[in-house]
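S.K.: Sharing a structure with you now.
What follows is calculated from the coordinates using simple rules that are stated; it is not laboratory data. The shown structure was predicted, so the numbers you read here are calculated from the model rather than taken from an experiment. All Cβ positions, even for glycine, are placed from backbone atoms using ideal geometry, and neighbour counts span all protein chains on display.
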Amino acid sequence: DQQVKQNSPSLSVQEGRISILNCDYTNSMFDYFLWYKKYPAEGPTFLISISSIKDKNEDGRFTVFLNKSAKHLSLHIVPSQPGDSAVYFCAAMYSGGGADGLTFGKGTHLIIQP
Amino acid sequence: GAGVSQSPRYKVAKRGQDVALRCDPISGHVSLFWYQQALGQGPEFLTYFQNEAQLDKSGLPSDRFFAERPEGSVSTLKIQRTQQEDSAVYLCASSLGRRGNQPQHFGDGTRLSIL
């Protein structure tokens, strides 16, 4: 049972346009959500996070939106740049106990076209 | 360096051999995590340490997997009698704590191949 789902294995976007990466989750106990970016042969790099008590968090070109009722979050990148080409992982956690690690989706490969 | 350091970067072993993977977390980080990432998948949680205490090992796939962090800094993940299904990238992450606003920072991983 996959508790965090990224249904798009890949996404191609033109440079300068908006990239929107989606993530769905099933466990209503999750109270923090994070996005990581991963280049080949490197570890995931933390990008941005959001608490379940908020619906939006912004950091420069990156904005994460959370819709708790739909159990859905999205990462917006504006404007998209060539260096944004990477695999993006959505991750969730429950800080109140239980399993201590992050639960990851399978990732979305973002390709920025020149 | 300032980041999480893992060694070796690549490890090839024959089925049945024991392997040991090392993780040097960011200095001062209390929390340390191990993950396993299979090809085309997201990382999957294996185990969690707070200082030297292993507080969660619910993700370890079998009793062949063992992790330790004896002095609360460097950690070692050991796999005994390796099997082909153990082939994966093993990622280590550290953080200041377990709260949501204390994100985990990952090393570049050890790619383990079992022949």
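S.K.: What nm distance separates the two modelled labels at A:GLN3 and B:SER27, each placed 7 Å from Cα along Cα→Cβ?
M.R.: In this crude spin-label approximation the distance works out to 3.5 nm.
S.K.: Give the average over all directions of the projected area of the C-alpha convex hull of chain A, one decimal, in nm². Write out the running numbers ahead of the final one.
M.R.: Numbers: hull surface 28.2 nm².
Mean projected area of the Cα convex hull: 7.0 nm².
S.K.: Expressed in nm², what is the orientationally averaged projection area of the convex hull enclosing the Cα positions of segment B:1-79? Spell out each step's value before the answer.
M.R.: Working: hull surface 23.2 nm².
Its average projected convex-hull area is 5.8 nm².
S.K.: Moving to a separate point now. Using the basic label-point model (7 angstrom from Cα toward the beta carbon), what is the B:GLU68 to B:ASP18 distance in nanometres?
M.R.: In this crude spin-label approximation the distance works out to 1.0 nm.
S.K.: Oh, and also: GNM on chain A, C-alpha springs below 10 Å: top fluctuator among A:SER85, A:SER52, A:SER69?
M.R.: A:SER69
S.K.: Using a Förster distance of 41 angstrom, determine the FRET efficiency expected from the C-beta separation of B:LEU96 and A:ARG17, and round it to 0.05.
M.R.: Plugging the Cβ-Cβ distance into 1/(1 + (r/R0)^6) gives 0.70.
S.K.: What order do you get for B:SER94, A:SER8 when you list them from fewest to most C-beta neighbours inside 10 Å?
M.R.: Values: B:SER94 24, A:SER8 14.
The most exposed by this proxy come first: A:SER8, B:SER94.
S.K.: Among the DSSP beta bridges whose two residues both lie in chain A, what percent are antiparallel, rounded to the nearest 5?
M.R.: Values: 36 of 41 bridges.
Antiparallel bridges: around 90 percent, rounded to the nearest 5.
S.K.: Follow-up. For B:ALA53 and A:ARG61, what is the calculated FRET efficiency with R₀ set at 30 Å and r taken between the beta-carbons, to the nearest 0.05?
M.R.: Details: r = 39 Å, r/R0 = 1.31.
For R0 = 30 Å, the calculated efficiency reads 0.15.
S.K.: Going from the alpha-carbon gyration tensor of the protein assembly as shown, what semi-axes, largest first and in whole Å, does one get by taking the root of 5 times each eigenvalue? Please report the intermediate quantities before stating the final value.
M.R.: Working: eigenvalues 175, 80, 52 Å².
They are 30, 20, 16 Å, listed largest first.
S.K.: Now for a separate question. Over segment A:22-62, what lengths in whole Å, largest first, do the semi-axes of the equivalent ellipsoid take, defined as the square roots of 5 times the eigenvalues of the alpha-carbon gyration tensor?
M.R.: Numbers: eigenvalues 90, 42, 13 Å².
For segment A:22-62, the semi-axes come out at 21, 15, 8 Å.
S.K.: Follow-up question, since we're still on this one. When the Cα centres of segment A:60-79 and segment B:1-35 are compared, how far apart do they sit, in Å?
M.R.: 32
S.K.: What is the mean projected area of the alpha carbon convex hull for segment A:64-114, to one decimal in square nanometres? Mind dumping the intermediate values first?
M.R.: Details: hull surface 19.0 nm².
Projected over every direction and averaged, the Cα hull of segment A:64-114 covers 4.8 nm².
S.K.: Which residues does the label zone of A:SER28 cover in segment A:41-74, counting backbone N under 13 Å from a point 7 Å along Cα→Cβ?
M.R.: A:68-71
S.K.: Hey, got a sec? Which GluC sites (Glu not before Pro) in segment B:38-80 land in a DSSP loop and have at most 14 other Cβ atoms within 10 Å?
M.R.: Counting only loop positions with at most 14 other Cβ atoms within 10 Å, the GluC sites (Glu not before Pro) in segment B:38-80 are B:GLU52, B:GLU71.
S.K.: Where a Cα-Cα gap under 12 Å defines reach, which aspartates and glutamates qualify for A:LYS106, not counting those fewer than 8 residues away within the same chain?
M.R.: Counting by Cα, and skipping residues close in sequence, A:LYS106 has these aspartates and glutamates nearby: A:ASP24, B:GLU44.
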